[in-house]
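Only one structure is covered here, and it is reproduced in the block below.
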């Protein structure tokens, strides 16, 4: 891919990657992936906490369902989410009555990515949380620490490296996700068209130069962002 893109001059490459349609798809792909990763950073941590700290009927079933996005084909997930969030769907009809749409909007893309990337956060935080003895939290409480102080000084330092790993994995998966998004996105240029779909459009048009240039842009931006997250994680882990 880099070899093919290297055949272009800088002006030719820049003209391709700075086109308004490409920039709109870039903003949408990375923006929705970021929002989904943040949402899962909160929801995934809470789910991991509940699954580790509490015993209740159906806990094992919920724990198994967390991995459903891994086993479910992404196209099937996309069709199911579209049926759910479309204007005629169960949730989509309720949203329409409230005056807004979910399917065929950036919100729908974010929800699809949230579903697909949730296991990454849960499965990275869950084992670390399980290794934290509950007695440590109880001892801190006995010494007068308030719940937010226990969370801030005991749980956050232990969970943050794993949380960042899950966040990075969820973000990376979200940026490159294709199958579950194309159905719910609507694929409208400049509105709901994601970068992976734009690459496929270029390939269908036999525009291999455009496809490889967009692919290089996507790869470089993803690498830089993941590198920054990795550096932040190493800085946090440093004693």
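Since every read-out is calculated from the coordinates, none of them should be taken as a lab result. Given the structure is predicted, the values throughout are model-derived calculations rather than measurements. Positions of Cβ are generated from backbone atoms using ideal geometry, with glycine treated the same way; all protein chains shown enter the neighbour counts.
Order of 120, 94 from fewest to most other C-beta atoms within 10 Å? Present the calculation step by step, with values, prior to reporting the outcome.
Values: 120 24, 94 10.
Listing 120, 94 from fewest to most nearby Cβ atoms yields 94, 120.
What number, rounded to the nearest 500 deg cm²/dmol, is the helix-based mean residue ellipticity at 222 nm of the chain, given -39500 (n - 2.57) per DSSP H run of at least four residues and division by all its residues? Don't skip to the answer; put the middle values down first.
On the way: 14 runs with 185 residues, N = 239.
Per the formula, -24500 deg cm²/dmol.
Using alpha-carbon positions, what is the distance between the centroids of region 207-239 and region 125-154, in Å? Each part reduced to its Cα centre gives a spacing of 34 Å.
Scaled against 2.2 N^0.38 Å for its residue count N, the alpha carbon radius of gyration of the chain is 1.18.
The mean sequence distance of close C-alpha pairs (under 8 Å, at least 6 residues apart), as a share of the length of the chain, puts its relative contact order at 33 percent.
For helix 156-176, report the angle its Cα long axis makes with the longest principal axis of the Cα atoms of the chain; keep it between 0 and 90° and round to the nearest 10°. The helix 156-176 is inclined about 20 degrees to the chain. To the nearest ten degrees, helix 20-53 and the longest principal axis of the Cα atoms of the chain are 20 degrees apart. For region 17-110, the extents of the C-alpha atoms along the principal axes are 52, 33, 26 Å, listed from largest to smallest. When each of 163, 49 is scored by the number of other beta-carbon atoms lying within 10 Å, the sequence from fewest to most is 49, 163.
Please compute, over every Cα-Cα pair in region 99-239, the percentage with a separation greater than 26 angstrom.
On the way: 4398 of 9870 pairs.
Tail of the P(r) past 26 Å holds 45 percent of the pairs.
Distance between the 7 Å Cα→Cβ label points at residue 49 and residue 136: 1.6 nm.
Helix 74-85 axis versus longest C-alpha principal axis of the chain: approximately 80°, rounded to the nearest ten.
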